[in-house]
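K.L.:
Attaching a single structure in structure tokens format; questions to follow.
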Amino acid sequence: MRMFAFLVLVLGLTLASGAAYYVFAKVQAAEARLGSRADDPAPQIDLVQVAVAAKHLKFGQPLTREDVRLVDWPATARPESAFEALEALFEEGDAAEGRTVLRRMEPGEPILGTKITGFGQKATVAALLDSGMRAHTMPVDASSSVGGFLLPGTRIDVLLTIRDRTEGPSTRVLLQDLEVIAVDQDTDRDRIEARVARTVTVQGTPEEVRRLTLGASLGTLSISLRGYGSDRISEADPLRRDELLGEITPVAQAAPEPEPAPVTVRVRRGSEVSIKTMD
């Protein structure tokens with residue numbers, strides 16, 4: 001009995017020693033791998049200098065050297081229209097003209113060519129137009145401006161309603177996915193409060209501007225607001241009155257009642273007889 005207990009004890013110690021050695025070997029191997037990685041040289045990252053905002057910048061604010069600083073930026077992640085030198089942002093000399101901020105920027109945000117104007121330009125509609133685009137202004141009211149929720153930077157569809165004497169009224173999608181660049185005379189994209197506007201200015205190609213101008217002379221233009229990120233183009237046909245309400249059957253008119261026959265009265269006076277017609 002004692003011999004059996006002794007053998008069990010020896011077997012337990014052997015198993016415990018084997019497990020401890022196995023864990024020790026694994027820990028040593030892991031430390032060796034970590035040590036070899038620590039000895040490897042760190043990968044080299046190519047850096048370039050990029051101009052960023054040194055403080056909060058607001059729409060319409062003149063850009064000065066105190067507003068900008070240069071920071072190191074990974075060359076592979078450099079924004080396409082970023083500036084790598086202050087000389088590209090500011091002119092030298094007494095006749096130097098400055099730039100104006102077109103978008104709100106936070107400290108450390110890269111200053112891009114799309115966020116500032118050219119030299120001597122102000123934050124006007126002309127400075128917001130993309131290359132080759134034109135601006136077109138439409139009159140709107142509370143209903144046609146989506147209840148005042150249009151803001152600079154939103155995108156819209158334009159609907160045209162025509163009232164034809166022969167075919168009746170119809171509505172069609174005239175243009176889609178146009179960008180609003182100004183509401184009344186406000187071009188500030190940082191404005192978030194809604195207000196009822198009197199005019200909306202959109203940018204479009206010369207062909208789109210011609211379509212808007214002709215459409216305004218043919219019927220009534222209204223606006224449909226698109227959701228952010230929505231770029232789906234609808235191929236819907238014009239909607240006519242019969243398609244909306246169904247075919248309208250004209251109501252048959254009742255035949256007019258015949259006019260009553262006139263009443264005649266004969267009056268005899270001796271040998272004379274006279275006839276009178278009563279209305």
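The values are calculated or read from the model by the stated rules, or taken from the named source; none is laboratory data. Computed from a prediction, not measured in an experiment: that's the story for all the values here. No Cβ is skipped: glycine too gets one built from the backbone with ideal geometry, and neighbour counts run over all protein chains shown.
K.L.:
If I go through the range 201-250 residue by residue, how many of them are farther than 17 Å from Glu179 by Cα and either in contact (Cβ under 8 Å) with a residue 60 or more places away in the chain or surrounded by fewer than 16 Cβ atoms within 10 Å (Cβ to Cβ) (or both)? Give the steps one after another, and end with the answer.
P.N.:
Step one: of the range 201-250, the residues farther than 17 Å from Glu179 by Cα are 214-220, 235-250.
Keeping just the survivors that are either in contact (Cβ under 8 Å) with a residue 60 or more places away in the chain or surrounded by fewer than 16 Cβ atoms within 10 Å (Cβ to Cβ) (or both) gives 214, 216-218, 220, 235-250.
Number satisfying all stated conditions: 21.
K.L.:
Here's something else I'd like to know. Taking the condition within 26 Å of Gly60 (Cβ to Cβ) and hydroxyl-bearing (Ser, Thr, Tyr), does Thr205 pass?
P.N.:
Values: within 26 Å of Gly60 (Cβ to Cβ): no; hydroxyl-bearing (Ser, Thr, Tyr): yes.
So Thr205 does not fit the description; no.
K.L.:
Going through the range 110-140 one residue at a time, which ones are closer than 30 Å to Ser224 by Cβ, free of Cβ contacts under 8 Å to residues at least 24 places away in the same chain and among the small types (Gly, Ala, Ser)? Quick ask: steps written out before the conclusion?
P.N.:
Applying the first criterion (closer than 30 Å to Ser224 by Cβ) to the range 110-140 yields 114-115, 123-140.
Of the ones still in play, those that are also free of Cβ contacts under 8 Å to residues at least 24 places away in the same chain are 115, 126, 131.
If the condition is that a residue be closer than 30 Å to Ser224 by Cβ, free of Cβ contacts under 8 Å to residues at least 24 places away in the same chain and among the small types (Gly, Ala, Ser), then Ala126, Ser131 are the ones that fit.
A quick yes/no check of all residues on (1) in a loop (DSSP other than H, G, I, E, B); (2) in the same structural domain as Thr205 (by TED's automatic domain parsing); (3) among the β-branched types (Val, Ile, Thr); (4) touching a residue at least 60 places away in the same chain (Cβ under 8 Å):
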{"position": "Phe59", "(1), (2), (3), (4)": "yes, no, no, yes"}
{"position": "Glu66", "(1), (2), (3), (4)": "no, no, no, no"}
{"position": "Asp72", "(1), (2), (3), (4)": "no, no, no, no"}
{"position": "Thr76", "(1), (2), (3), (4)": "no, no, yes, no"}
{"position": "Glu80", "(1), (2), (3), (4)": "yes, no, no, no"}
{"position": "Glu92", "(1), (2), (3), (4)": "yes, no, no, no"}
{"position": "Ala96", "(1), (2), (3), (4)": "yes, no, no, no"}
{"position": "Gly108", "(1), (2), (3), (4)": "yes, no, no, no"}
{"position": "Ala142", "(1), (2), (3), (4)": "yes, yes, no, no"}
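K.L.:
Could you look through the range 129-140, keep only residues that are on the phi < 0 side of the Ramachandran plot and either part of a loop (DSSP other than H, G, I, E, B) or not assigned by TED's automatic domain parsing to the domain that holds Val183 (or both), and pick out the one that is surrounded by the fewest Cβ atoms within 10 Å (Cβ to Cβ)? Please lay out each step first, then the result.
P.N.:
Kept after step one, since they are on the phi < 0 side of the Ramachandran plot, are these residues of the range 129-140: 129-131, 133-140.
Restricting the remaining residues to those that are either part of a loop (DSSP other than H, G, I, E, B) or not assigned by TED's automatic domain parsing to the domain that holds Val183 (or both) gives 129-131, 133, 140.
Numbers: Leu129: 15, Asp130: 11, Ser131: 4, Met133: 17, Val140: 21.
Ranking the qualifying residues of the range 129-140, first place goes to Ser131.
K.L.:
Does the range 180-200 hold any residues that are surrounded by fewer than 14 Cβ atoms within 10 Å (Cβ to Cβ) and touching a residue at least 60 places away in the same chain (Cβ under 8 Å), and which are they?
P.N.:
Listed by number, the residues that qualify are Asp190, Thr199.
One line per residue, one yes/no per condition, for (1) exposed (fewer than 13 other Cβ atoms within 10 Å of the Cβ); (2) within 18 Å of Thr201 (Cβ to Cβ); (3) out of contact with any Phe, Trp or Tyr (no Cβ under 6 Å at 6 or more places or on another chain):
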residue	(1), (2), (3)
Phe90	no, no, yes
Glu97	yes, no, no
Thr117	no, yes, yes
Val125	no, yes, yes
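K.L.:
How many residues are loosely packed, with under 14 Cβ neighbours inside 10 Å and at pLDDT 85 or above if we restrict to the range 154-176?
P.N.:
Residues in the range 154-176 being loosely packed, with under 14 Cβ neighbours inside 10 Å and at pLDDT 85 or above: 1 in total.
K.L.:
On the given criteria, is Leu175 under 15 Å from the mean Cα position of the chain (by Cα) and more than 21 Å from Gly113 (Cα to Cα)?
P.N.:
On the way: under 15 Å from the mean Cα position of the chain (by Cα): yes; more than 21 Å from Gly113 (Cα to Cα): yes.
Against the criterion (under 15 Å from the mean Cα position of the chain (by Cα) and more than 21 Å from Gly113 (Cα to Cα)), Leu175 qualifies.
K.L.:
Select from the range 7-40 the residues that are among the charged types (D, E, K, R) and part of a helix (DSSP H, G or I) and write down the one among them that is modelled with the lowest pLDDT. Steps first, answer last, please.
P.N.:
To start, the set of residues in the range 7-40 that are among the charged types (D, E, K, R) comprises 26, 31, 33, 37, 39-40.
In the following step, the residues that additionally are part of a helix (DSSP H, G or I) were identified as 26, 31, 33, 37, 39.
Values: Lys26: 79, Glu31: 74, Arg33: 73, Arg37: 60, Asp39: 56.
Result: Asp39.
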